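First up is the structure itself, then whatever we jot down about it.
The values are calculated or read from the model by the stated rules, or taken from the named source; none is laboratory data. Note that this is a predicted model, so its numbers are computed, not measured. Here the Cβ positions follow ideal geometry from the backbone for every residue, glycine too, while neighbour counts run over all protein chains shown. With ligands, DNA and RNA removed, areas are computed over all heavy atoms of the protein, side chains included. Shrake-Rupley method; radii C 1.70, N 1.55, O 1.52, S 1.80 Å.
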Amino acid sequence: MSAAEIIDIVIISIPFIGLIILGCILLVRLQKLVMKLDKKIFHFVPVIFYAIQFIYGILRANGIIIYYSDMNGGFDSPEWQEDGMICCFLSILGLIVSTVILITAYFRNKKSPVVTAKKSTKIIAGIFTAFLVTFSGVYSYEIISYPYGENHDFQNQKLLAIGEYMFEELDSGNFDLDKNIRHEDVESVKSDAYDAFRYTRFESVYFLDKHTVCIYEGGLFDSVKGYIVTDGEKEYPPKYNKINGYDNLYSWSGETLPETISN
């Protein structure tokens, strides 16, 4: 690595390092504020909050907790990973700072008397503590109540919802076999399938025939990929990967689109 590259890295890192320093200063002040309360149990509220936030961040970063709002770029979108990594980073930073302040204050208070805080300061500390308790409850609720067993089916259910919508519209006469829905057209989808369209990554959805819907994700270099949803009346050969647990859902990838390959 050249000296110029090192200098560039240092220059780019300066704002980030500055934010970390400012964040640490803020965390120190917040921990000291909470410790103005008389009951010592409240002094540990920030530590508890950061610990719960860290667990939540780990679950998010590993894709164990995923929401529809994460799906703007599809199931492989890094949005949920970034959210989890940010939570983990902030919680680790908070844990370190708060723990150091707690230990330092404990030894300091053993050597000198505790200074009584003003009533206004205690009110502000109480409001901040209530804020942390509330968010600790929110994180805890998300961790406990999340339907973990549904994660494996999350993407598949959205794909099936898209296929079902297309078949229903075809049967009702609203669509013909030339219908093609591109991702920029999802606002026109007026049904329960709207979220499935909105939060699934695809370039276009169209019919291969009256029994088959193709969900084309797009291409990379010389390869294209996507999914096939059938109405159950048609089987596709092994070169299309049937997704386990589903009789009418296939994934595919290759150099050509499905309609150019004979079954």
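When all protein chains stay in place and ligands, DNA and RNA are ignored, the 1.4 Å accessible-area order of THR121, THR230, largest first, is THR121, THR230. The lysines within cross-link reach of LYS239, meaning a Cα-to-Cα straight distance under 28 Å and a gap of 8 or more places when in the same chain, are LYS158, LYS179, LYS210, LYS225. Shape class of region 132-263 from the alpha-carbon gyration tensor: prolate, with a/c at 1.5 or above and a/b greater than b/c.
Report the calculated FRET efficiency for ILE123 and GLU187 (r = Cβ-Cβ distance, R0 = 51 Å), to the nearest 0.05. After rounding to 0.05, the efficiency reads 0.60.
The listed residues SER98, SER223, once ranked by accessible area (1.4 Å probe) with the largest placed first, stand as SER223, SER98. Region 116-166 and region 212-242 have their alpha-carbon centroids 36 Å apart. Solvent-accessible area of LEU22, all protein chains in place: 110 Å² (probe radius 1.4 Å, heavy atoms, ligands and nucleic acids excluded). Of the listed residues ILE215, ILE58, the order by accessible area with a 1.4 Å probe, largest first, is ILE58, ILE215.
Annotation: amide H of GLY218 within the under-5 Å range of GLU203, LYS225, sequence separation 5 or more or interchain, hydrogens built in the peptide plane.
Between THR134 and GLU79, the simple label model (points 7 Å from Cα in the Cβ direction) yields a spacing of 2.5 nm. With the whole protein complex present, ASP153 retains an accessible surface near 60 Å², based on a 1.4 Å probe. Rolling a 1.4 Å probe over the protein heavy atoms of region 157-263, with every protein chain left in place, gives an accessible area that is 44 percent carbon and sulfur. Taking all protein chains as they are arranged and a probe of 1.4 Å, the heavy atoms of TYR206 leave approximately 20 Å² accessible to solvent.
What the Cβ-Cβ distance of ASN174 and GLU233 gives, at R0 = 30 Å and to the nearest 0.05, is a FRET efficiency of 0.90.
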